[in-house]
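The values are calculated or read from the model by the stated rules, or taken from the named source; none is laboratory data. Keep in mind it's a predicted model, so treat the numbers as computed, not measured. Note that each Cβ is placed from the backbone with ideal geometry, even for glycine, and that neighbours are counted across all protein chains shown. When the accessible area is computed, the model is the full protein with side chains, heavy atoms only, and any ligands, DNA or RNA have been set aside. Shrake-Rupley method; radii C 1.70, N 1.55, O 1.52, S 1.80 Å.
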Amino acid sequence: GKTSLLQAGRYPLVAEARARVLPPGRLIGAADYPSAALPEHNPYTFALLRSWGPDELPTAIAGMSVRQFVRRQVRRMTGNVLLAAIDQVDDLPTESGTRWNASQRFWRELGEALAEKELHLLVVVRHDCVRLLPEELRAGVRYEIGQLTRQEALDAMTGPIALAGRAIGSDAATKLL
């Protein structure tokens, strides 16, 4: 649902604008690097920075804050704006504990980065998980996407495919739906 809309919707088209667009970010990362080999780090910050900077060395970003990463990206960019998205916020813990404390530290870091006004951020979250967001993010512009009609769902499947110069038969789209 949400991830597909992010990947197939307008986000890829933004890259054509005069902006530096980071890959969609995630807060839960694959354990593709041995955590014991890294300096102490926040797992949510690390997962986000790994997804925003897939070519970055894990050891270079492990101790980095979101604000430090954003500043580094701004120095490297040629466009006027730094755009990013965070997907799957719903995966964050909702109850107190070690993981919840790490998520709260992550939100503070993200707030510090956003306060500098160099980063424009889209956060993709289910309606029932908006409460997970800190107040600063909940106060931003909010777009709610309701349940799609049958025709809208068919258009959502066939539209991106058509933009890529391909087609899917209506029978196949209906079966997929």
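Annotations for the structure displayed:
- The lone exception for Val74 - which of (1) of a type in the set (Val, Ile, Thr); (2) under 27 Å from Pro54 (Cβ atoms); (3) open to solvent by less than 30 Å² (accessible area, probe 1.4 Å) it fails: (3)
- Hits in the range 62-104 (condition: in a loop (DSSP other than H, G, I, E, B), touching a residue at least 60 places away in the same chain (Cβ under 8 Å) and on the phi < 0 side of the Ramachandran plot): Gly79, Asn80, Leu92
- Tally of residues being acidic (Asp, Glu) and surrounded by 15 or more Cβ atoms within 10 Å (Cβ to Cβ) across the range 113-135: 1
- Identity of the residue in the range 136-172, among the hydroxyl-bearing types (Ser, Thr, Tyr) and under 28 Å from Ala19 (Cα atoms), that ends up least open to solvent (accessible area, probe 1.4 Å): Thr158
- For the range 116-166, filtering for residues that are in a helix (DSSP H, G or I), out of contact with any helix residue (DSSP H, G or I) (no Cβ under 9 Å at 6 or more places or on another chain) and either among the hydroxyl-bearing types (Ser, Thr, Tyr) or under 18 Å from Leu83 (Cβ atoms) (or both) leaves 0.
- The one condition from (1) modelled with pLDDT of 85 or more; (2) of a type outside the set (S, T, N, Q); (3) surrounded by 14 or more Cβ atoms within 10 Å (Cβ to Cβ) that Asp55 does not meet is (3).
- Scope the range 81-91; condition in contact with a helix residue (DSSP H, G or I) (Cβ under 8 Å, 6 or more places away or on another chain) and over 11 Å from Leu48 (Cβ atoms); matching residues: Leu82, Leu83, Asp90
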